[in-house]
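A.B. asks: Please read through the structure below; I'll follow up with questions.
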Amino acid sequence: MKIKIYFKNFIKIYIKYSIHVALAVVALSLVSAYFLQVKLPFKLLIFIFSSTLLGYNFVKFTTIDHYKLSQKILSFSFFFLNGLATVALLITFFSLNIKQRLLALAASFLVLLYGRTFPFQQTNLRNQQGMKLYWVALCWVIITVGLPYLEAYKPNIISLLFWSLQVGIYVIVASLPFEIRDMHKDDQSLKTWPQQVGVQATKKRGYGMLIAATLLLLLFPYVSWILKCTTILTQLLLFIFLWNSSRTKTFYYSSFWVEALPLFWLLFVELFSYLSIGKQ
């Protein structure tokens with residue numbers, strides 16, 4: 001019984017402290033690296049993990065009202081974790097090349113604009129009507145596609161644009177179960193898709209975007225069969241998760257399972273690659 005309680009508390013902390021989403025961003029970055037045919041140095045992966053963790057915790061614990069966590073949750077472990085992440089971020093930042101540093105600073109600025117209201121703003125980006133999805137997708141694309149792209153020796157702008165679109169669509173659709181779950185918790189001024197058009201119409205938009213992404217994937221010539229298969233498989237899982245999403249789904253449905261899809265995506269890529277090598 002005690003083991004079950006400890007495990008449940010661990011999972012809550014693992015999700016609420018943004019460890020889960022940070023690992024998901026690292027996994028998606030590795031999938032992007034596979035598409036771009038580059039090898040990401042370990043220091044870059046640490047930077048991506050620590051910057052994502054700090055960015056999400058900054059937004060969660062300073063700006064989002066429905067994350068009203070008790071003082072018990074905001075414990076020493078929370079500050080210790082973020083302290084370690086800050087140290088790792090500072091150390092690894094200076095190992096990046098100059099273009100990656102500039103891109104990382106741009107992403108950090110977007111996160112600040114997203115979470116806080118500055119004197120030159122009427123409201124932060126998160127609270128601007130209908131903008132929440134697009135800003136989240138943009139930040140994910142910058143980190144998971146832009147930083148790996150700048151590791152390429154001979155970067156291909158066409159490949160960059162194509163994969164940015166693929167990842168952007170994925171992030172938008174993967175955000176919809178969260179939007180549906182929180183449609184009554186979010187301020188009505190946010191004008192999220194479920195608030196504007198309802199749950200079913202939101203799902204239909206997501207289905208349409210996934211179908212469009214799949215068609216583009218099949219038509220684009222510079223994608224390996226492994227990445228095509230694994231991407232379509234991941235999109236199918238996302239389709240199922242979106243189909244089953246509702247306002248009454250548990251916290252873990254979106255915050256754990258939907259958020260874990262990039263981890264499954266990377267696992268599929270590694271598994272298909274291993275099987276492909278084994279057949280040779």
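A.B. asks: Going down the list K12/K228; K12/K191; K8/K185, which pairs span over 31 Å between their C-alpha atoms?
C.D. replies: On the way: K12/K228 34 Å; K12/K191 29 Å; K8/K185 24 Å.
The pairs that break the limit, which is 31 Å between Cα atoms, are K12/K228.
A.B. asks: Counting Lys +1, Arg +1, Asp -1, Glu -1, what net charge surrounds K8 among other residues with beta carbon under 14 Å of its beta carbon? Spell out each step's value before the answer.
C.D. replies: Numbers: positive: K2, K4, K12, K16; negative: none.
Combined, the nearby Lys, Arg, Asp and Glu give +4.
A.B. asks: Continuing with the same structure: Please compute the Cα-Cα pair-distance distribution of the stretch 213-280 with 5 Å bins starting at 0, giving whole percents from short to long.
C.D. replies: Over the stretch 213-280, the share of Cα pairs per 5 Å bin runs 3, 15, 22, 19, 17, 12, 7, 4, 1, 0 percent.
A.B. asks: P(r) for the stretch 143-280, please, calculated from all Cα pair distances in 10 Å bins and given in %.
C.D. replies: 11, 36, 33, 16, 4, 0
A.B. asks: Given a 1.4 Å probe, how much area per residue of the chain is accessible, in Å²? Walk me through the numbers on the way to the answer.
C.D. replies: Details: 15120 Å² over 280 residues.
That works out to 54 Å² for each residue.
A.B. asks: A further question follows. For the chain, state the semi-axes of the equivalent ellipsoid (square roots of 5 times the eigenvalues of the alpha-carbon gyration tensor), sorted largest first and rounded to whole angstrom. All intermediate terms of the calculation are to be shown ahead of the outcome.
C.D. replies: Working: eigenvalues 156, 113, 87 Å².
Three semi-axes, in Å: 28, 24, 21.
A.B. asks: Given points 7 Å out from each Cα along the Cα-Cβ axis, report the S246 to F10 separation in nanometres with one decimal.
C.D. replies: It is 3.2 nm.
A.B. asks: Same structure, new question: Top mean-square fluctuation among F80, F93, F162, Gaussian network model of the chain, C-alpha springs under 10 Å?
C.D. replies: Greatest mean-square fluctuation among the candidates belongs to F80.
A.B. asks: Now, a different point. Given +1 on the Cβ of Lys and Arg, -1 on the Cβ of Asp and Glu, and no further charges, what dipole in debye does the chain carry about its Cα centre, rounded to the nearest 20? Please list the in-between numbers first.
C.D. replies: Values: 26 positive and 8 negative charges, 101 e Å.
In debye, rounded to 20, the chain gives about 480.
A.B. asks: In the chain, with Lys and Arg counted as +1 and Asp and Glu as -1 at Cβ, which of these residues, Y253, T86, V26, has the Cα nearest the positive end of the dipole, that is, farthest along it?
C.D. replies: So the residue we want is Y253.
A.B. asks: Also, I was wondering about something else. Would you list the membrane-span-like helices of the chain, meaning whole DSSP H runs whose alpha-carbon atoms span at least 15 Å along their axis and whose mean Kyte-Doolittle value is at least 1.0? The partial results should precede the final answer.
C.D. replies: Details: long enough: 2-16 (21 Å, 0.17); 19-36 (26 Å, 2.24); 42-63 (31 Å, 1.17); 76-93 (25 Å, 1.97); 98-115 (26 Å, 1.41); 157-181 (37 Å, 1.58); 199-219 (30 Å, 0.93); 225-244 (29 Å, 1.48); 261-279 (27 Å, 1.41).
Both cut-offs are met by 19-36, 42-63, 76-93, 98-115, 157-181, 225-244, 261-279.
A.B. asks: Still on this structure, I have one more. Scan around S75 for amide H atoms under 5 Å from its own, H built in the peptide plane at 1.01 Å from N, and keep only partners 5 or more places away or cross-chain.
C.D. replies: Here the answer is none, since no amide H 5 or more places off falls under 5 Å of that of S75.
The values are calculated or read from the model by the stated rules, or taken from the named source; none is laboratory data. Computed from a prediction, not measured in an experiment: that's the story for all the values here. A quick note on method: Cβ atoms are made from the backbone with ideal geometry, for glycine too, and the neighbour counts reach across all protein chains shown. Remember, those area values only see protein heavy atoms, side chains included, never the ligands or the DNA or RNA. Shrake-Rupley method; radii C 1.70, N 1.55, O 1.52, S 1.80 Å.
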